[in-house]
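Below is one structure, written out as structure tokens, with a few remarks after it.
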Amino acid sequence: MKAVVLAGRIIFLMIFLMAAIGHFSSAEIAYASSAGVPMASVLVPLSGIISAVGALSIILGYKARIGALMLVVFLLPVTFYMHAFWSVTDPMMKQMQMAMFMKNMSALGGALIICYFGSGPLSIDSRKETGK
């Protein structure tokens with residue numbers, strides 16, 4: 001059953017690792033810039049680094065609480081700034097942004113749970129705690 005926690009960590013964090021790659025593309029930087037993100041050419045790649053490092057930290061279970069906090073720091077501004085569905089007038093775009101907002105809120109909940117409980121079994125952190 002311990003493997004289930006590890007599988008859950010990996011599946012939960014796949015989205016952060018896959019999305020982090022896009023944070024270095026000119027298209028994603030341009031999109032953020034068009035949405036009004038200040039210094040997008042710096043902040044978008046930086047957010048990609050924060051999300052990737054946080055995700056890897058949790059997957060490996062090394063300082064997972066800090067990694068989860070990194071994801072919280074990443075998710076809060078991205079969720080409320082980039083997915084502000086309440087300010088979108090086009091009904092289809094509004095629905096899409098609401099779905100993205102709720103997906104991020106769900107991920108924020110998962111990150112907060114890891115902030116509290118840590119990485120669980122089959123992690124570097126748990127090996128340190130048990131002395132194995």
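The values are calculated or read from the model by the stated rules, or taken from the named source; none is laboratory data. All values reported here derive from a predicted model rather than from experimental measurement. Glycine also receives a Cβ, built like all others from the backbone with ideal geometry; neighbour counts cover every protein chain displayed.
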Residues of the range 94-108 being of a type outside the set (A, V, I, L, M), more than 17 Å from Met14 (Cα to Cα) and either in contact with a helix residue (DSSP H, G or I) (Cβ under 6 Å, 6 or more places away or on another chain) or surrounded by 15 or more Cβ atoms within 10 Å (Cβ to Cβ) (or both), in sequence order, are Lys94, Gln97, Phe101
Residue list for the range 22-66, filter: β-branched (Val, Ile, Thr) and modelled with pLDDT of 95 or more
Ile29, Val42, Val44, Ile49, Ile50, Val53, Ile58, Ile59, Ile66
Among (1) closer than 30 Å to Arg127 by Cα; (2) surrounded by fewer than 18 Cβ atoms within 10 Å (Cβ to Cβ), Pro77 falls short only on (1)
Against the conditions (1) over 16 Å from the mean Cα position of the chain (by Cα); (2) part of a helix (DSSP H, G or I); (3) aromatic (Phe, Trp, Tyr), where does Tyr62 fall short? Just the number, please.
(2)
Pairs only if they're at least six apart or on different chains, beta carbon under 8 angstrom, first in the range 82-97 and closer than 14 Å to Gly36 by Cα, second among the aliphatic types (A, V, I, L, M); list them, first residue then second.
Met82/Ala32; Met82/Ala35; Met82/Val37; Met82/Met100; His83/Met98; His83/Met100
Checking Tyr116 against (1) outside any helix (DSSP H, G or I); (2) exposed (fewer than 13 other Cβ atoms within 10 Å of the Cβ): exactly one of these is not met. Which one?
(1)
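Matching residues to (1) assigned to a helix (DSSP H, G or I); (2) within 23 Å of Ile11 (Cβ to Cβ); (3) within 17 Å of the chain's Cα centre (by Cα):
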site: Ile50; (1), (2), (3): yes, yes, yes
site: Gly67; (1), (2), (3): yes, yes, yes
site: Asp125; (1), (2), (3): yes, yes, no
site: Lys128; (1), (2), (3): yes, no, no
Boolean, Ser41 is over 21 Å from Ala111 (Cβ atoms) and in contact with a helix residue (DSSP H, G or I) (Cβ under 6 Å, 6 or more places away or on another chain)
yes
Restrict the check to the range 38-48 and report whether at least one residue is within 11 Å of the chain's Cα centre (by Cα) and part of a helix (DSSP H, G or I).
yes
Does at least one position in the range 56-63 carry a residue that is out of contact with any Lys or Arg (no Cβ under 6 Å at 6 or more places or on another chain), without any contact (Cβ under 8 Å) to a residue 24 or more places away in the chain, aliphatic (A, V, I, L, M) and over 23 Å from Met1 (Cβ atoms)?
no
